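Chemist: Sharing a structure here in structure tokens format.
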Amino acid sequence: MKILLDDGLQLSVGTGIGSYAKALGEALATMPDVTLVREDLTPTGPRRRARLAYLKRLDSAAYRERLRDLDVVHYANYAMPKKLPPHVVSAVTVHDLAAFSHKSTLPLLYGIYNRFMIKRAMKHADIIFTVSESTKQEIAARFPKAATRTVSVHPGHHREAVCAVPPAKYENTALTGLEERKFFLFVGTLEKRKNLVELINAYLYLIKTDPTAKGFSLVLAGKRGFGYKRIKRALRSAPEGADIRLPGYISASDRQKLYAEAAAFVFPSLLEGFGSPQTEAMAAELPLILSDIPTNREISGAYGHFYPLGNVSALTALLSAAVDGKLPADKAIATQRLAQLTWEQAAKEVLAAYQRAGQQKENSQPHG
């Protein structure tokens, strides 16, 4: 089976979708009778212009001709062409439906584009992969005609994010001196959908009211995204003694050290498709504090400690419990859960879906 896995320009910009495409591709490449074709396109010029050039190429006759000797084309970032060679199985991964359910968390034009491309995928794709059962159910409710073509496959966890012996020092100067402090950790894009203002408010209230928490820092590690201005405004209210670090996009080395030394990992998202950082926190055996949303429940289950969205008092109470060392992180539960979340298993399930769709396509073709 000859497969093209298209990352939709995400690998080059360091997104979670790029990491998903890379890890899934590497696992698929190890499967018997699979030949993986990659198009790791490096965008040139401004990001929006590169995206427009990419989309124009997808819908070109030259591109369709390029696909004629393939069996499967899988678009890991949901955008796909309207027309493909009739024998080629088309697959997309729709990571979430934020553009429909949480419109205000995306830039206006990007949200319009996102909705248009997802609707196209729902209409034309032979297989619609989701990274959680929760998102699969959302698709079934919003796009009933696509329900029978939707397949939920959990990604694997990124083992390289955690190591047994972390580096001695941080590379990022924004983390200087953190070795001598205890801290709460968030890793991900600093954007509106991650609900970080709520976390900042809970942290500030904690250090104001709990004397034992005054030596704690808060690390928000990740690049800036849509809604960062609200985060910046929330930081202005930080009193003397608060220590909030924003190191930006961090190296693999710093990521490993942060996971090794954090007191707890906090994941307060409004919406997640899967949420790989929570599995990384499990692998690091960190206490895990999460917003009580369906996907977080699905992925972290009995390992996590959940609080209701919007309830800053409940989030503060969990942070306080972590300060006091009273927030358990059950290693046995983490080990069992992570054993189910491997890229090898994901690749097997994805390949089986390709094969089913290919057989259905072949049976539907006229013979003779």
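Chemist: With +1 on each Lys and Arg Cβ and -1 on each Asp and Glu Cβ, how big is the dipole of the stretch 259-368 about its Cα centre, in debye rounded to the nearest 20?
Modeler: Values: 7 positive and 11 negative charges, 54 e Å.
I would put it at about 260 debye.
Chemist: Distances longer than 24 Å among the Cα atoms of the stretch 129-227: what percent of all pairs is that? Numbers along the way, then the final one.
Modeler: Working: 2434 of 4851 pairs.
The share of Cα pairs beyond 24 Å in the stretch 129-227 comes to 50 percent.
Chemist: Answer with one residue from Val197, Gln256, Met1: the one whose Cα lies farthest towards the positive end of the charge dipole of the chain, charges on Cβ with Lys, Arg +1 and Asp, Glu -1.
Modeler: Highest projection toward the positive end goes to Val197.
Chemist: Separate question: With a 10 Å radius around each residue's Cβ, average the other Cβ atoms per peptide and rank 225-232, 327-334, highest first.
Modeler: Numbers: 225-232: 16.2, 327-334: 14.8.
Highest mean packing first, the order is 225-232, 327-334.
Chemist: Across the stretch 63-189, how many lysine pairs separated by 8 or more positions, or lying on different chains, have Cα atoms within less than 23 Å?
Modeler: 17
Chemist: Would you please name the GluC sites (Glu not before Pro) within the stretch 231-284 that are DSSP coil residues with at most 13 other C-beta atoms within 10 Å of their C-beta? Before the final figure, lay out the partial values.
Modeler: Details: sites: Glu240, Glu261, Glu272, Glu280; in loops: Glu240, Glu272.
For GluC sites (Glu not before Pro) across the stretch 231-284 that sit outside H, G, I, E and B with at most 13 neighbouring Cβ atoms in 10 Å, the list reads Glu240.
Chemist: Can you sort Ser19, Ser313 by solvent-accessible area, 1.4 Å probe, largest first? Kindly include the intermediate steps, with their values, before the conclusion.
Modeler: On the way: Ser19 50, Ser313 90 Å².
So the residues, ranked largest to smallest area, are Ser313, Ser19.
Chemist: Placing +1 on the Cβ of each Lys and Arg and -1 on the Cβ of each Asp and Glu in the chain, which of Ser269, Pro155, Ile112 has its Cα farthest towards the positive end of the resulting dipole?
Modeler: The residue sitting most towards the positive pole is Ile112.
Chemist: On to the next question. Please report, as a whole percent, how much of the solvent-accessible surface of the chain comes from carbon and sulfur atoms (probe radius 1.4 Å).
Modeler: Values: 8970 of 16860 Å².
Summing carbon and sulfur atoms, their accessible area is 53 percent of the total for the chain.
Chemist: Of (i) 26.3, 90; (ii) 22.5, 73; (iii) 21.6, 81, which is the value of Rg and Dmax of the Cα atoms in Å derived from the coordinates here?
Modeler: Given (i) 26.3, 90; (ii) 22.5, 73; (iii) 21.6, 81, the calculated one carries the label (iii).
Chemist: Using protein chains only and a probe of 1.4 angstrom, how many square angstrom of Tyr203 are accessible, to the nearest 10?
Modeler: Counting only protein heavy atoms, Tyr203 exposes about 0 Å² to solvent.
Chemist: For all pairs of alpha-carbon atoms in the stretch 233-368, what percent lies in each bin of width 10 Å, listed from the first bin to the last filled one?
Modeler: Binned Cα distances yield the sequence 10, 30, 31, 13, 8, 5, 2, 0, 0.
Chemist: Would you mind putting 32-38, 344-350 in packing order, based on average other-beta-carbon counts within 10 Å, highest first? Before the final figure, lay out each step's value.
Modeler: Working: 32-38: 13.1, 344-350: 17.7.
Highest-to-lowest ranking by the protection proxy: 344-350, 32-38.
Chemist: A further question follows. Quick one: putting +1 on the C-beta of Lys and Arg, -1 on the C-beta of Asp and Glu, what dipole do you get for the chain around its Cα centre, in Debye to the nearest 20? Show your work: numbers first, answer last.
Modeler: On the way: 49 positive and 35 negative charges, 339 e Å.
The dipole magnitude comes to about 1620 debye.
Chemist: Any aspartates and glutamates with Cα under 12 Å of the Lys361 Cα? List them, leaving off those in the same chain fewer than 8 positions away.
Modeler: Output for Lys361: Asp71, Asp126.
Chemist: Give me the mean projected area, in nm² to one decimal, of the convex hull enclosing the Cα positions of the stretch 267-336. Before the final figure, lay out the partial values.
Modeler: Numbers: hull surface 17.1 nm².
Across all orientations, the stretch 267-336 yields a mean hull projection of 4.3 nm².
Chemist: Before I look further, what does the chain give for accessible area per residue, probe 1.4 Å, in whole square angstrom?
Modeler: Values: 16860 Å² over 368 residues.
Heavy-atom accessible area per residue stands at 46 Å².
Chemist: Another question about this same structure. So for each of 158-164, 119-125 I average, over its residues, the number of other beta carbons within 10 Å; can you give me the resulting order with the highest mean first?
Modeler: Numbers: 158-164: 15.4, 119-125: 18.0.
Top to bottom by mean Cβ count within 10 Å: 119-125, 158-164.
Chemist: Another one. Taking the dipole about the Cα centre of the chain, with the C-beta of Lys and Arg at +1 and of Asp and Glu at -1, give me whichever of Thr209, Ala317, Tyr78 is farthest to the positive side.
Modeler: So the residue we want is Tyr78.
Chemist: Relative contact order for the stretch 126-263 using alpha-carbon pairs under 8 Å, separation at least 6, rounded to a whole percent?
Modeler: Normalised by residue count, the contact order of the stretch 126-263 is 29 percent.
The values are calculated or read from the model by the stated rules, or taken from the named source; none is laboratory data. Just so you know, these numbers come straight off a predicted model, no measurement behind them. Cβ: placed from backbone, ideal geometry, glycine included. Neighbour counts: every protein chain shown. Accessible surface is based on the protein model in full, side chains and every heavy atom, while ligands, DNA and RNA are left aside. Shrake-Rupley method; radii C 1.70, N 1.55, O 1.52, S 1.80 Å.
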